[in-house]
Amino acid sequence: MNQLEKAIVIGENPQLLGVLTSQHKFSVKSETKSEIKVQLPTILLLNSGLLGHIGPFRLYVRMARKFADMGFNTFRFDLSGIGDSERHLDVRTREEQHMGDIKTVMDHLDKHESCNQYIVMGICTGADNAHKAMLKDKRVVGAVSIDGYAYKTPRYYFNLYAPKLISFNSWKTLSRQVFNKVKSKFKKKQDVIPQNIEYRWVEPSKEKTEQDYKVFIERNVNLLAVFTASWPYNYLQQHADSFKKLPFGQNIQVAYLENAEHIFPLSEDRTHLMTEIVNWLVNRYLNINSNH
């Protein structure tokens, strides 16, 4: 292993803990074969729900080491109130606190690690925070959103229901569901207590997301949106169909892992995800830098 891994404590009240994975040097060759040092963006890996900075099934550890091999310093850390990081005691919302945490981390890395641009990545709630961080801070020049904002289209519903309409077992299941629903009307209702409600996120309207994407395009930043079979997403072009006026394939790219589950419990799915992200990083950052 050629990486350097360093534990870092950032801030006070609360203290945020994370691990910076990096290489001492990175260079690429120009057409004249002279060595040129390239300053690549630093990658920030954001928590998914309450999962710590190692990520689901150690995915973030693997990502950080791979990205470091490519020349990207990578910081995987816990937002306040998650994993090894302390909790805020102020009255701000969780979103405000976590956006503040991300800013604090970038400020620290700017000052102490000579970083100045960032790519933020996350799964589910991490994707939500990555989107918002790129919108709020111009130091963020790229984001990878894994099972983030997804919007259903007519083709999504067709793909979902067409196979069921010709299946006898599906009709039996539907009849049973209708019967149980009617039966439940006569049962005494019980209060439902939401679990971990503060870590839930509400998907913005499609109109709001489209406006955000226009801002990203104007700033010439890059977004890779990755979706799995566990999400309300069932064909590759679904995101592009949701935003027909936007130029997908340039600043905004999409990958669909049709066999993967949401938190990637299978090794082959984690490898597939890594391949998609690595290819995106190469195409959007390494190839561009090597041509200068």
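What follows is calculated from the coordinates using simple rules that are stated; it is not laboratory data. What you see is a predicted model, and the numbers here were worked out from it, not measured in a lab. Counting neighbours? That spans all protein chains shown, and the Cβs are built from the backbone with ideal geometry, glycine included.
A compact table of results
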{"item": "Calculated over region 34-136: convex hull of Cα atoms, volume per residue (Å³)", "result": "105"}
{"item": "Ordering of 238-250, 86-98 by burial proxy (mean other Cβ atoms within 10 Å per residue, highest first)", "result": "238-250, 86-98"}
{"item": "Gyration tensor over alpha-carbon atoms, region 55-111, equivalent ellipsoid semi-axes in Å", "result": "25, 15, 8"}
{"item": "Three-way shape call for region 233-292 based on the alpha-carbon gyration tensor, with the a/c threshold at 1.5", "result": "oblate"}
{"item": "Segments 224-232, 120-128 sorted - mean Cβ within 10 Å per residue, highest first", "result": "120-128, 224-232"}
{"item": "Region 107-164: radius of gyration over Cα atoms, expressed as a fraction of 2.2 N^0.38 Å", "result": "1.65"}
{"item": "Zone residues, region 94-125, relative to residue 243, backbone N less than 15 Å from point 7 Å out along Cα-to-Cβ", "result": "none"}
{"item": "Within straight-line cross-link reach of residue 136, aspartates and glutamates at Cα separation under 15 Å, skipping those fewer than 8 residues along the same chain", "result": "95, 96, 101, 107, 128, 212, 218"}
{"item": "Extended-chain gain in nm, criterion 0.36 nm per residue less alpha-carbon gap, residue 13 and residue 110", "result": "32.9 nm"}
{"item": "Amide N of region 43-65 lying under 19 Å from the label point, which is placed 7 angstrom from the Cα of residue 279 along Cα→Cβ", "result": "63"}
